[in-house]
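Notes follow once the structure below has been shown.
The values are calculated or read from the model by the stated rules, or taken from the named source; none is laboratory data. All values reported here derive from a predicted model rather than from experimental measurement. When we count neighbours, we look across all protein chains shown, and the Cβ atoms used for this are built from the backbone with ideal geometry, even at glycine. Only protein heavy atoms, including side chains, enter the accessible area calculation; ligands, DNA and RNA are left aside. Shrake-Rupley method; radii C 1.70, N 1.55, O 1.52, S 1.80 Å.
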Amino acid sequence: MKNITQQFNAGFEPFKALLIYRYDKEAAINQFQSEDKQTEIYVESYDIGRNGKPINAHPLNVKEMATLSELLQTTQELKSSYLKSNGLLSINVLYVNQQSAGYAVWYTPPQEVTLFFVDSLNISSGKYHVPAMVWKANADRLAVYAIKGKAKPAAKTKLYHAPFLNVYSGGNVCMGTVQIQIGKSSCLEEFMQLWQQYFFNSNFSHSINGNNSTKSDTTKLWRSLAGTGKEFPQDELLPNGLTLQQIIK
């Protein structure tokens, strides 16, 4: 489900085609019998021959209908499971939209995590304290923000620039060469965990925001925090003019 392009090209062959006919009784008779309006559907099934052309036309039979029903049911189950929680909602969850292009918003309190930096930055990879964060993501894109304090944010909570490299001023994250593999069947807990792993386990490589994600030079700030075990200095956070409510839309 996550990446079948190569499999499809290499191993899948067409074997069945369906042609759906529609019969509109009202249009077929005349406009004065609208009270008898009735649309009927007829489905014709074709086998696919060795040359790739449809053959053996016949009405869709019971066995074929059962197979099609199972396929459609599986598709609906995958769709309905996207961003669905496995149990009670985590206290970290702030907002969930389960539509086809749905997204989730959640937060993490201040924590100690392992950060990785490319060698050219001269910043040691290792354990660092990071501030509380707000995350917003769909299956393809991630945006991160910082908040002050430890409390769960409310609608009017002010957001700050995430004090990291590889993050645009608007909060969107440049994932570089990281291969994002989050399927539309991911439950909410897996979805959140995967995005956090992708973000923290990737290599921070450059400043997209001109080293202006913090009050002082962002690269120099992380260099100064390396190996100290100090809490992240919250006075370094810069407001971005947004509240939590404004990114939930």
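Among the listed residues I29, I41, identify the single one that is loosely packed, with under 10 Cβ neighbours inside 10 Å and either within 30 Å of P163 (Cα to Cα) or modelled with pLDDT under 80 (or both). Testing whether each residue is loosely packed, with under 10 Cβ neighbours inside 10 Å and either within 30 Å of P163 (Cα to Cα) or modelled with pLDDT under 80 (or both) leaves just I41.
The listed residues are G176, G227, and the only one of them that is more than 20 Å from I147 (Cα to Cα) and open to solvent by less than 70 Å² (accessible area, probe 1.4 Å) turns out to be G176.
State yes or no: is N240 polar (S, T, N, Q), open to solvent by less than 80 Å² (accessible area, probe 1.4 Å) and in contact with a strand residue (DSSP E or B) (Cβ under 6 Å, 6 or more places away or on another chain)? Judged against the criteria, N240 is a match. State yes or no: is V167 free of Cβ contacts under 8 Å to residues at least 60 places away in the same chain, buried (at least 21 other Cβ atoms within 10 Å of the Cβ) and farther than 29 Å from G87 by Cα? In short, yes. The set of residues in the range 208-226 that are touching a Ser or Thr at 6+ places or on another chain (Cβ under 7 Å) and in a helix (DSSP H, G or I) comprises T218, T219, L221. May I ask you to list the residues in the range 123-149 that are open to solvent by 40 Å² or more (accessible area, probe 1.4 Å), outside any strand (DSSP E or B) and at pLDDT 95 or above? Within the range 123-149, S124, S125, K148 meet the criteria. State whether one or more residues within the range 213-223 are at pLDDT 95 or above, surrounded by fewer than 14 Cβ atoms within 10 Å (Cβ to Cβ) and of a type in the set (V, I, T). No, the range 213-223 has no match at all.
Figure legend. Inter-residue proximity from the range 181-204: first residues at pLDDT 85 or above, second residues open to solvent by 70 Å² or more (accessible area, probe 1.4 Å) and among the β-branched types (V, I, T), beta-carbon distance below 9 Å, spacing 6+ or different chains. Indicated pairs: S202/T177.
Cβ-Cβ distances below 8 Å connect the following pairs, each with a first residue in the range 232-249 that is touching a residue at least 24 places away in the same chain (Cβ under 8 Å) and in a helix (DSSP H, G or I), a second residue that is among the charged types (D, E, K, R) and surrounded by 18 or more Cβ atoms within 10 Å (Cβ to Cβ), and a separation of six or more residues or different chains: I247/K136.
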